[in-house]
Amino acid sequence: MRRRTPVAGLALAVLAGMTATLAATAAGAAPAAAPVTAAAPALLAAAPDIAVTNIQAHLTQLNTIATNNGGTRRAGSAGYTASVSYVKGKLQAAGYTVTEQYCSNCTYPGNNLIAEWPQGPADQVVMFGAHLDSVSAGPGINDNGSGSAALLENALVLAQQNPSMTKRVRFAWWNGEEQGLQGSKFYVNSLTAAQKGYLKGYYNFDMVASPNGGYFINRVTSTTAAPLKAYWDSLSLQPEENVEGQGRSDDYSFQNAGIPTSGYAAGASATKTSAQASKWGGTAGAAYDGCYHRSCDTTSNINATVLNRSADGVAYAIWQLAVGGTPTNDFSVAVSPTSGSVARGASTTATVSTTTTSGSAQPVSLSATGAPSGVTVSFSPSSVTSGGSATMTVSASSTATTGTFTITVTGTGTATRSATYSLTVTGTGGCAGGQLIGNSSFESGSTPWTASSGVITNSTSQAARSGSYKAWLDGYGSTHTDTLSQPVSIPAGCSSYTLSFWLHIDTTETTTSTAYDRLTVQVGTTTLATYSNLHAASGYAQRTFNLAGYAGQTVTLKFTGVEDSSLQTSFVVDDVTLQAS
């Protein structure tokens, strides 16, 4: 939440009248966007429980991002860009329609992140938002990692449950809130009158895990606030109006456009009263958040109870406002790892996991097809209840057909769902090695690499180590992210596995102590190394890594370059090899 800007004539004593006036103004200014009405609290059980441990895991990731980027996730910074990438990746994997909106007139230009669940009528939208940026002074884990992470986990649970929708649900993570609600203002100003009319309510979540927190609701007596209040009332929390936050967070941008608003907050720098401490616990006479806008706003600055109640209240509101009908029972199947290698006369295992994606759990029978001659696939147990897992054992006889094959693992319940597993069968004790990276010097176009536009290039502005082409990530001197990746199957049975690439870094950054621009090298989800503007040097340097731990797997080798808002750093990669022998 941004700091309060004093406004002449503001009279908090007229709070009750102001709340009523705002509600009336919103309804009168935009009749097409009348507030949605909530069902009675008797339907409380329909909403899912949001696991606070999952939210805390997101907060840990945001804290790590800040630590790796100068201790901050300030708008427009590398830490903010990495935060957007983290949230975006989770949402895209869950099936959301995700867009980034560049706020060109923000003090620190950067992207708003908008994610829409593609079900329900497009002209009937309820929107849930939180600002993703921190202040420069710290990582901003309560302010406002808490609201951002609570919404992210709610979005993931909605996708997992996949219920029937009566309205469309849209989520947003805002840039530039700390500089004056700039990202949300930019978004609202970009909407047409018709698009504003589609929005039946905007719900804002800013600082929802304050360590000495309270239970505050924006416009608590309004119709829009009804589902949020109903949930907290069911816990006997006696929520109060969010006086401290009036006009200080992103709901204000929507309110000014005549869109009905509400939201949760747990308090910032204001002082908890004795009456509040009596009904909510905590310390009277102390700030709701003593680390507000400070470097100590880390994962240690979180009240898990308040966070849990806030996140569950969001879920209740989503289900009351936008979910209807009885969901069909359904499930999904996944195999981990997704590939493996087995020598003749040996066996290997993988885990088959099932997940209930909607409705209730159900029995799922497991089977496999596509195994070559001499290979058998078995499951223990052979049937699970969706949500459970089984061990898949792949055994190869001494005469098994060698080569690479796709095995389809099928789960059969009320529906049939499947996943694939790539199996490589080798000769007894053999090593099907060699150089495993395709187009390792980038001289043959882009295949099999996947790269951001312009990364694989023969530009003479950066010299290749060999040939004419190389992969040039970043070098723009503005906020930018480039990626370069290739899947690679690593055979089992070899004695050595060496990844090698040549890296040149040049920069116009002048610092000798701060890593503003970064290149991360990953295999699968494991980070092998991170380089930055601090590693700049003339010429290319060879980097090597032992990948023996990935034998028998198919993994993705990925380079990610993230550049901040000024002063270019170029990461130039060439001659990438993975030698198995």
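The values are calculated or read from the model by the stated rules, or taken from the named source; none is laboratory data. Here the structure is a predicted model, which is why all the values come from computation and not from measurement. In this analysis, Cβ positions are derived from the backbone assuming ideal geometry, glycine residues included, and neighbour counts consider all displayed protein chains. Note: accessible area is taken over every heavy atom of the protein model, side chains too, but ligands, DNA and RNA are not part of it. Shrake-Rupley method; radii C 1.70, N 1.55, O 1.52, S 1.80 Å.
Taking the criterion of being in contact (Cβ under 8 Å) with a residue 40 or more places away in the chain, in a loop (DSSP other than H, G, I, E, B) and within 21 Å of SER236 (Cβ to Cβ), the residues of the stretch 253-282 that qualify are ALA266, GLY267, LYS272, GLY282. In the stretch 444-454 there is at least one residue matching the filter, namely being open to solvent by less than 20 Å² (accessible area, probe 1.4 Å), aromatic (Phe, Trp, Tyr) and outside any strand (DSSP E or B).
State whether the residues of the stretch 429-439 include one that is more than 25 Å from TYR550 (Cβ to Cβ) and at pLDDT 90 or above.
The first filter runs over the stretch 429-439 and keeps only residues more than 25 Å from TYR550 (Cβ to Cβ), leaving none.
The answer is no, given that none of the residues of the stretch 429-439 is more than 25 Å from TYR550 (Cβ to Cβ) and at pLDDT 90 or above.
Restricting the stretch 508-540 to residues that are open to solvent by less than 60 Å² (accessible area, probe 1.4 Å), assigned to a loop (DSSP other than H, G, I, E, B) and in contact with a helix residue (DSSP H, G or I) (Cβ under 7 Å, 6 or more places away or on another chain) leaves a set whose member that is farthest from TYR550 (Cα to Cα) is GLU509. The residues on offer are GLN124, GLN195, and the sole one that is in contact (Cβ under 8 Å) with a residue 12 or more places away in the chain and open to solvent by 10 Å² or more (accessible area, probe 1.4 Å) is GLN124.
Here the stretch 371-420 is the region considered, the condition is being touching a residue at least 24 places away in the same chain (Cβ under 8 Å), of a type outside the set (S, T, N, Q) and outside any strand (DSSP E or B), and the residue that is most open to solvent (accessible area, probe 1.4 Å) is GLY387. Has the stretch 353-367 got at least one residue that is open to solvent by 30 Å² or more (accessible area, probe 1.4 Å), over 30 Å from MET165 (Cα atoms) and of a type in the set (Gly, Ala, Ser)? Yes, the stretch 353-367 has at least one match.
Test SER570 against the criterion of being crowded, with 16+ Cβ neighbours inside 10 Å, among the polar types (S, T, N, Q) and in contact with a Gly (Cβ under 6 Å, 6 or more places away or on another chain), and give yes or no. If you could, list the steps in order and put the result at the bottom.
Working: crowded, with 16+ Cβ neighbours inside 10 Å: yes; among the polar types (S, T, N, Q): yes; in contact with a Gly (Cβ under 6 Å, 6 or more places away or on another chain): yes.
So SER570 passes the test.
Looking at the stretch 92-103 only, could you name the residues that are closer than 18 Å to ASP564 by Cβ and either buried (at least 19 other Cβ atoms within 10 Å of the Cβ) or at pLDDT below 95 (or both)?
CYS103
Would you point out which residue out of VAL576, VAL562 is within 26 Å of SER466 (Cβ to Cβ) and assigned to a strand (DSSP E or B)? Give the steps one after another, and end with the answer.
Details: VAL562 fails: within 26 Å of SER466 (Cβ to Cβ).
Step by step, each of VAL576, VAL562 is checked, and only VAL576 is within 26 Å of SER466 (Cβ to Cβ) and assigned to a strand (DSSP E or B).
When the residues of the stretch 84-110 are filtered to those that are touching a residue at least 60 places away in the same chain (Cβ under 8 Å) and part of a helix (DSSP H, G or I), the one that is nearest to GLY183 (Cα to Cα) is VAL84.
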